[in-house]
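Quick notes on the structure that follows.
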């Protein structure tokens, strides 16, 4: 990764001195030792953003659910599996962070009871009772000394309504919205940035370029 | 992959002329456009076995759930997501197969209703009603002209009982059993082979070596 070190050395550092805590990837909520509930998330957008933030000079800690991606150059990764593990890892570190970015597709619900042994199939059906997971982003944003908070909203419809609703309801500074059909799993993405000033669509581009666009917008907001 | 071609050329071909249909990886059963139920399966054991079978001269078709692994040299891969898609892909091809090997961690249950749009979190709980998926291996093994059938049993306890029970209940020729704590996700595995003659433990080894051991046992059984 001499190339990555060179790219980094040649890059402008608008976020130098900033500490960013972020989450990426899916979470995995066990049903039993071999089954679980998960979210579709390749982690690509979050990892591209972690890399772009590090290139822009930020100190980046990435709390990551299970993904098959290498750790970006200059990024510290902490591996977790469940939403509750992610919550704990975030809360331990958020006091030191200037910026918090929740990219992870956190499971909203987990099975109420986790079976210690593999559930054998008997009968034609099965009922799973689920209970709510902590809302990590909302909890971070409502801390007395909350960091600058950025959320992601992946929706299948009504993106503007849901994303600007999320901005207000969770009192975030910025929400990055995308339609799931536009970005999930692929190498390109099309996003719209929502902040107090309104909405700012970015052109469809590679996740690397989209990440650079988000970092540029973020750096401008922090400058003011 | 000149190296892979060379390895292949130098290898003995005990399975030359045999057509193997196999499944590997997890299946993914959507709950809504962003969430689903899955099984823990990296696909590594199945892909290692597909490679070993191809190296031993077999014509290998691999029906694969979502995994982040490259297609082994000489193997034809067919990608699927759900158990029902896997079932259909297997049934279309099984008539041509001399050997069927079910390595995939197929979800036994799927959500009864799949939400067309992302379920919004409201309330503290959620109940998921699940319904049975087809049992691909049992269905293949009970075909009038069934191929030689090999199953995998990943258990968290009572391996001998469950694996030899699976051999008899589904009328398979061979079951490869392992304890989930011994193999899941890692690069090594420890398995026990169960056939009509009894149980045959293989030593803990890399998944590549375990795959070679399984193929050797299989070739010996087919010889008789």
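Just so it is clear, none of the values below were taken in a lab; they were calculated from the coordinates. Please read these numbers as outputs of a predicted model, since none were measured by experiment. Every residue, glycine among them, receives a Cβ derived from its backbone with ideal geometry; neighbour counts consider all protein chains shown.
Taking every alpha carbon pair in the stretch A:120-177, what does the distance histogram look like in 5 angstrom bins from 0, in percent?
4, 16, 21, 16, 12, 9, 7, 6, 7, 3, 0
Given 37 °C and 0.692 mPa s, how large is the Stokes-Einstein diffusion coefficient of the stretch B:86-184 in µm²/s, with Rh as the Kirkwood radius over Cα pairs? The partial results should precede the final answer.
Values: Rh = 15.8 Å.
Result for D is 208 µm²/s.
Kirkwood Rh, the stretch A:164-224, all Cα pairs: how many Å? Mind dumping the intermediate values first?
Working: mean 1/r = 0.0826 Å⁻¹.
Evaluated over the stretch A:164-224, this radius sits at 12.1 Å.
What is the stretch A:1-89's relative contact order, in percent, from Cα pairs under 8 angstrom and six or more apart in sequence? Intermediate values should be presented prior to the final figure.
Numbers: 166 pairs, mean separation 29.1, N = 89.
Normalised by residue count, the contact order of the stretch A:1-89 is 33 percent.
Could you work out the equivalent-ellipsoid semi-axes for the stretch B:57-110, taking the square root of 5 times each eigenvalue of the Cα gyration tensor, largest first, in whole Å?
That gives 19, 15, 9 Å for the three semi-axes.
Roughly how tilted is helix B:159-169, in degrees to the nearest 10 and between 0 and 90, from the longest Cα axis of chain B?
90
Cα axis of helix A:83-93 to longest principal axis of chain A: angle in degrees, 0 to 90, nearest 10?
40
Using the alpha-carbon atoms, what tilt in degrees (0 to 90, nearest 10) does helix B:44-55 show relative to the longest principal axis of chain B?
That works out to roughly 30 degrees.
Per-residue mean of other chain beta-carbon atoms within 10 angstrom of the beta-carbon, peptide A:149-157?
Values: counts 0, 0, 0, 0, 1, 3, 5, 7, 4.
The per-residue average across the peptide is 2.
How well do other chains shield peptide B:7-18, expressed as the mean number of their Cβ atoms within 10 Å of each residue Cβ? Walk me through the numbers before you get to the answer.
On the way: counts 0, 0, 0, 0, 0, 0, 0, 0, 0, 0, 0, 0.
Shielding by partners across B:7-18 averages 0.
Please work out the Cα center distance from the stretch B:132-167 to the stretch A:123-177, rounded to the nearest Å.
42
Under 8 Å for C-alpha pairs, at least 6 residues apart: give me the relative contact order for the stretch A:154-216, rounded to a whole percent.
Once divided by the residue count of the stretch A:154-216, the mean separation gives 25 percent.
Take the alpha-carbon positions of the stretch A:1-123, form their convex hull, and give its projected area averaged over all directions (one quarter of the hull surface) in nm².
Values: hull surface 35.9 nm².
Over all viewing directions, the stretch A:1-123 projects a mean Cα-hull area of 9.0 nm².
In Å, what Rg and Dmax follow from the Cα atoms of the protein assembly as shown?
Both quantities, over Cα of the protein assembly as shown: 24.2, 79 Å.
Report the normalised scattering of the stretch A:97-147 as log10 I(q)/I(0) at q = 0.17, 0.19, 0.23 Å⁻¹, calculated by the Debye formula with identical scatterers on the alpha carbons.
-0.70, -0.78, -0.94
Along the Cα→Cβ direction, 7 angstrom out, place labels at residue B:16 and residue B:187. What is the inter-label distance in nm?
Computed distance between label sites residue B:16 and residue B:187 equals 3.3 nm.
What does the average come to when, for each residue of peptide A:35-42, you count the partner chain Cβ atoms lying within 10 Å of its Cβ? Walk me through the numbers on the way to the answer.
On the way: counts 9, 6, 7, 9, 5, 9, 1, 2.
Whole-number average of other-chain Cβ neighbours for A:35-42 is 6.
When the C-alpha atoms of chain A are aligned to their principal axes, what extent does each axis show, in angstrom, from largest down?
61, 41, 36
In chain B, what percentage of the DSSP-assigned beta bridges are antiparallel, given to the nearest 5? Each step should come with its number before you reach the end.
On the way: 17 of 43 bridges.
In chain B, approximately 40 percent of DSSP beta bridges are antiparallel ones.
If contacts are Cα pairs under 8 angstrom and at least 6 residues apart, what is the relative contact order of chain A in percent? It would help to have the intermediate numbers written out before the result.
Numbers: 464 pairs, mean separation 42.6, N = 224.
This gives 19 percent for chain A.
As a test of the formula, what do you get for the protein assembly as shown when each DSSP H run with n ≥ 4 contributes -39,500 (n - 2.57) and the sum is divided by the residue count, at 222 nm and rounded to the nearest 500 deg cm²/dmol? Display every interim value, and only then the final one.
Details: 14 runs with 140 residues, N = 448.
Rounded to the nearest 500, the figure is -9000 deg cm²/dmol.
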